[in-house]
Amino acid sequence: MQAHDALFIDGTWRPAAADGTLQVTNPANGTVLATVPAGGPEDVDAAVAAARAALPGWSGTPPAERAALLGALHDVLTARREEIAEIVTRELGSPLAFSQAVHAAVPVAVSGSYARIAAEHTFEERIGNSRVLHEPVGVVGAITPWNYPLHQIVAKAAPALAAGCTMVLKPAEDTPLVAQLFAEAVAEAGFPAGVFNLVTGLGPVAGQALAEHEDVDLVSFTGSTAVGRRIGAAAGGAVKNVALELGGKSANVILPGADLARAVKVGVANVMANSGQTCSAWTRMLVDAARYEEAVELAAAAAAKYAPGDPEAEGTRLGPVVNARQRERVAGYIEQGVKEGARLVAGGPEVPEGFERGAYVAPTVFADVTPEMTIAQEEIFGPVLSVLRYEDTEDALRIANGTVYGLAGAVWSEDEEEAVAFARRMETGQVDINGGRFNPQAPFGGYKQSGVGRELGPHGLGEYLQTKSLQL
Ligand code: NAD
């Protein structure tokens, strides 16, 4: 795919009104892949106006026709999945096999699920003497991060379009190329002009203009808690809908009696995937005192299998992080962990030997981490695991719930019911029991400061609908 030196507005690629470009860099070696326009407030205005103009037509389109177009979008994404994987590998740095299995396959699955949901959903219900209509919220402003770049776009666009909303997307600065591919796919699928619009640009410029735009009805944001808080405050001031998918510091609770070897192996894999840049990663592993040292040894040995490598080379399991700034941030957290007294049992802050040109971090495991340490409280967003010791189940629960976040988590037990009972007491939006696999239709979202609202499946569709009651 050739990068577009343009924005996708009202069904066509057109030059940005604002000057300036974003450079897209390959984090594996620092080479510049492309430049794309850095749109400004004027561009956001034009995109919002196009979305507003397209709203009556699209919201009035029968759900079955909207579902058919989502089916066509699913087909285009399916046909282009290899290209998607290659683009994400180049701009994000994730290993190609992971890009194929996750960065391409999950958005394909999610777009397919919304083609079905849109076809099956009853956009009307009867309650007593009322007909309750489920109507689209209106014009959506979507702002997405770089870590699962296409998934996060599709998790907003597919339900928004299924609901009958129109939208403007401002994707992350580091990964605009796969966003451009998505805009191409929308056009190829045959959506009417203006239903989906793309403005690439800087967060504090184009992102902020979109979040604060008075003609946007719903702002859906995925990203850091710091930016999410500001977007939520601005939306509150303007009395508009807002959905926030923010950070996490999820606990992987291994209960006494669980299969320790398996729980640790899967737990380490969960943290190392995507170089630790997963909002729902289980970055805190909680192990009972009796098996703590054994777990630490297993975790260090498992981490050693994630040797850094070229993401385009076959067999690589750990690529770079997204950019040099992120590398420095992660290294800073590792130094902080050492300073606060945690015991480094794998990895460290140094650039792995031979990988000086890229944004690489060694797979890192800390033992003797206590709950109040910075590395047990803050989201690091790198391949760094903290292993914590607990005394009993109540202690494990207290530690698991002891952060401001509540996005995900895991529980391992020889007795599934015991694990479920523990999960019920966790203050978090998703819990995987004994390695239960990701379900692209299950509601995804945060308790506490991990967010507001839910994405994916029927619950995700509901975020883009509002109700109107007709009393008969
Ligand atoms: P970020 O908040 O810096 O950026 C996210 C998006 O917001 C980007 O498109 C950026 O350009 C834009 N942005 C930045 N400043 C803005 C502003 N002032 N106004 C409007 N938009 C602005 O986050 P990031 O570093 O790109 O992403 C990593 C974060 O995302 C992590 O904290 C991670 O946990 C979180 N995340 C959460 C989920 C979830 O579903 N809960 C999923 C993925 C990532």
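The values are calculated or read from the model by the stated rules, or taken from the named source; none is laboratory data. Keep in mind it's a predicted model, so treat the numbers as computed, not measured. Cβ: placed from backbone, ideal geometry, glycine included. Neighbour counts: every protein chain shown. What goes into the accessible areas is simple: the full protein's heavy atoms, side chains included, and nothing from ligands, DNA or RNA. Shrake-Rupley method; radii C 1.70, N 1.55, O 1.52, S 1.80 Å.
A simple spin-label model places the labels of E188 and F123 2.7 nm from each other, with each point 7 Å out along Cα-to-Cβ. Placing +1 on the Cβ of every Lys and Arg and -1 on the Cβ of every Asp and Glu, with nothing else charged, gives region 5-90 a dipole about its Cα centre of roughly 220 debye. Need one word for region 398-457: rounded, prolate or oblate. Basis is the Cα gyration tensor (sqrt eigenvalues a ≥ b ≥ c); a/c below 1.5 gives rounded, then a/b vs b/c decides. Note, shape of region 398-457 comes out oblate.
In deg cm²/dmol, rounded to 500, what helix-only [θ] at 222 nm does the chain give when every DSSP H run of at least 4 residues adds -39500 (n - 2.57) and the total is split over its residues? Could the numbers behind the result be given before it?
Details: 15 runs with 180 residues, N = 472.
Counting only the DSSP helices, I get -12000 deg cm²/dmol.
Treating the angle as unsigned and between 0 and 90°, give the value, to the nearest 10°, between the Cα long axis of helix 81-92 and the longest Cα principal axis of the chain. Between the helix axis and the principal axis of the chain, the angle is about 60 degrees. Take F381: with every protein chain present and a 1.4 Å probe, its accessible area is about 30 Å².
Which value, to two decimals, describes the C-alpha radius of gyration of region 154-312 once divided by 2.2 N^0.38 Å? Present the calculation step by step, with values, prior to reporting the outcome.
Working: Rg = 20.7 Å, N = 159, 2.2 N^0.38 = 15.1 Å.
Taking the Cα Rg and dividing by 2.2 N^0.38 Å, one obtains 1.37.
The distance linking region 176-213 with region 1-33 is 12 Å (Cα centroid to Cα centroid, whole angstrom).
Carbon and sulfur atoms: what percent of the 1.4 Å accessible area of region 1-134 do they account for? Please report the intermediate quantities before stating the final value.
On the way: 3060 of 5820 Å².
Solvent-exposed carbon and sulfur of region 1-134 make up 53 percent of the total.
Within the accessible area of region 251-439, the carbon and sulfur atoms contribute 48%, probe 1.4 Å, all protein chains present.
Within the chain, which is the longest segment containing none of the GluC sites (Glu not before Pro) that sit in a DSSP loop and have at most 13 other Cβ atoms within 10 Å? The partial results should precede the final answer.
Details: sites that count: E214, E314, E350, E353, E356, E372, E391, E414.
Longest site-free region, per DSSP loop and neighbour criteria: 1-213.
I want the antiparallel fraction of DSSP beta bridges within the chain, as a percent rounded to 5. Each step should come with its number before you reach the end.
Values: 26 of 63 bridges.
If I count the DSSP bridges inside the chain, around 40 percent turn out antiparallel.
For the set K240/K339; K170/K339; K170/K468; K156/K448, the pairs lying more than 32 angstrom apart at their alpha carbons are K240/K339; K170/K339. The Stokes-Einstein estimate for region 251-439, based on a Kirkwood radius over Cα pairs and taken at 20 °C with 1.002 mPa s viscosity, is a diffusion coefficient of 130 µm²/s.
For the chain, the longest principal axis of the Cα atoms and the long axis of helix 176-189 meet at an angle of about 40 degrees.
Across the chain, the mean sequence separation of Cα contacts (distance under 8 Å, 6 or more residues apart), normalised by length, yields a relative contact order of 18 percent.
Convex hull volume per residue, computed on the Cα atoms of the chain, equals 139 Å³. Counting only protein chain heavy atoms and rolling a 1.4 Å probe, the accessible areas of C279, C165 rank, largest first, as C279, C165. Solvent-accessible surface of region 251-439, taken per residue with a 1.4 Å probe and all protein chains present: 42 Å². Just how far, in whole angstrom, is region 128-145 from region 278-301 if you go by their alpha carbon centroids? Centre-to-centre (Cα) distance: 42 Å. Overall, the chain carries a charge dipole of about 560 debye about its Cα centre when +1 sits on the Cβ of Lys and Arg and -1 on the Cβ of Asp and Glu, all other atoms neutral. Sorted from greatest to least, the principal axis extents spanned by the alpha carbons of region 6-106 come out as 47, 37, 15 Å.
In this simple spin-label model, placing a label point 7 Å from the Cα along the Cα-to-Cβ direction at both R424 and T467 gives a separation of 2.7 nm. Compared with the dominant Cα axis of the chain, that is its longest principal axis, helix 292-304 is turned about 60°. Taking a ≥ b ≥ c as the square roots of the Cα gyration tensor eigenvalues, with a/c under 1.5 meaning rounded and otherwise prolate when a/b beats b/c, else oblate, which class fits region 281-350? Since a/c reaches 1.5 but b/c is at least a/b, the shape of region 281-350 is classed as oblate. Both numbers refer to the Cα atoms of region 86-148; Rg and Dmax are 18.2, 57 Å.
Put L472, L456 in order of accessible area, highest first, and with a 1.4 Å probe you get L472, L456.
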